[in-house]
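Let me begin by presenting the structure, written as structure tokens, before commenting on it.
The values are calculated or read from the model by the stated rules, or taken from the named source; none is laboratory data. Predicted, not measured: the structure shown is a model, and the values here were computed from it. Using ideal geometry, Cβ is built from the backbone for each residue, glycine included, and neighbour counts are taken over all protein chains shown. Surface areas here come from the heavy atoms of the whole protein model, side chains and all, with no ligands, DNA or RNA. Shrake-Rupley method; radii C 1.70, N 1.55, O 1.52, S 1.80 Å.
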Amino acid sequence: MPPLLKRLRAFLRTYLYRQNMSFSDEALELKIEPAKAHDMDTLLYYGCLCRTYKSIEDAENFRVTEISIMKSPSMAQHELLLAKLTDTKRGTNHELTLERFGLPESANRRKSSSSSSLPPTTSSQSLTDSVNNLSASSKIVSSIDTPAHDRVRWQNPSISKLQKVMRLPIPPNQPVYLYNLLAIATIISREFPNYTLLKRNCYFYAGIIFALVYQLVEKDLPPFRREKTKAGTWNNFVQIFDDNKPEIVKIINDFQEKYTTEVDSFLAQVRTQEEQRNKAARVDHAEERANAAEAKLQEERAKLQEERAKAQQLEAHIRDLHAQLASSHTHGPSIQLTDYH
């Protein structure tokens, strides 16, 4: 499929979902196939996932075993969240990434060719000049935002080229399922739908999801903190995302209620769909039984009609025999009795 057509179809999927319009998964080929490499809008994927699950047991098949923040070695130092999952039903392992983009890649290339906020070299003088420029224009740049492109990617082929800068193993006694992780990402995408260069960027997206999963798993530990890590920094020099900031701390502290409501709603919808499927299955089963009974009744009626036809034929044959017998008595030779006395 041509790249332009793929982008158009992805845009239509996202538009339809965000407009709360109903559409067929089969028609748009929105099937959850973790074994294949593909990506999708986070909000769209979350909605499709909810419709795909047939039961709570089905929803708990995919367990998150580890999350990590991955950093690109490129000049932009792009960060994303990597989640390792296990399909407990099939016994297979998978990788999923959550990441945020700003402008489309083509627009980013045009922007970078005309004006760049990041230095073209990594020398100390250039870094100093760049930091000064960023500080002077931070208010202006941070106020410029564009719609964020938050993506879910299965089997991301670029993972092998990235550096792991932070890791959190998920203990078995604190299960985190795929829908838990996507519920967190979905809330962030809804609450902060726009991308800003210095605040709501890829560092923020990966870092805040990591921090919220940490809070979900390690409830009894002190609040999440970064120490001696490159995560959230540009070239390990400029701190882009810092969870010590009051704004970020407030987001983390106010998140639990939103998360609980979102997960409860997700599971309630899965249960409703399960009940509807079970009800439909019972109706289908009842219809099948009724159809089978009707077919058997029709068969019995056909046999009865066949027996009646045979009986009528037999009666007609008997009548014919009686008629023939009566005819032989009427037209046959008469016998004269003689009295010799």
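Here are some notes:
- Asp145-Leu325 pseudo-label distance in nm [points 7 Å out on the Cα-to-Cβ vector]: 10.6 nm
- Surface composition of the range 170-215: carbon plus sulfur atoms hold 51% of the accessible area, using a 1.4 angstrom probe and ignoring ligands, DNA and RNA.
- Taken per residue, the accessible surface of the range 183-318 reaches 63 Å², heavy atoms only and a 1.4 Å probe.
- Comparing the range 155-287 with the 2.2 N^0.38 Å rule of thumb, its C-alpha radius of gyration ratio is 1.34 (two decimals).
- Inter-label distance, nm, simple model (7 Å from Cα along the C-beta direction), Asp39/Gln239: 3.0 nm
- Linear extension gain, Asp284 paired with Asn253, 0.36 nm per residue minus alpha-carbon span: 6.3 nm
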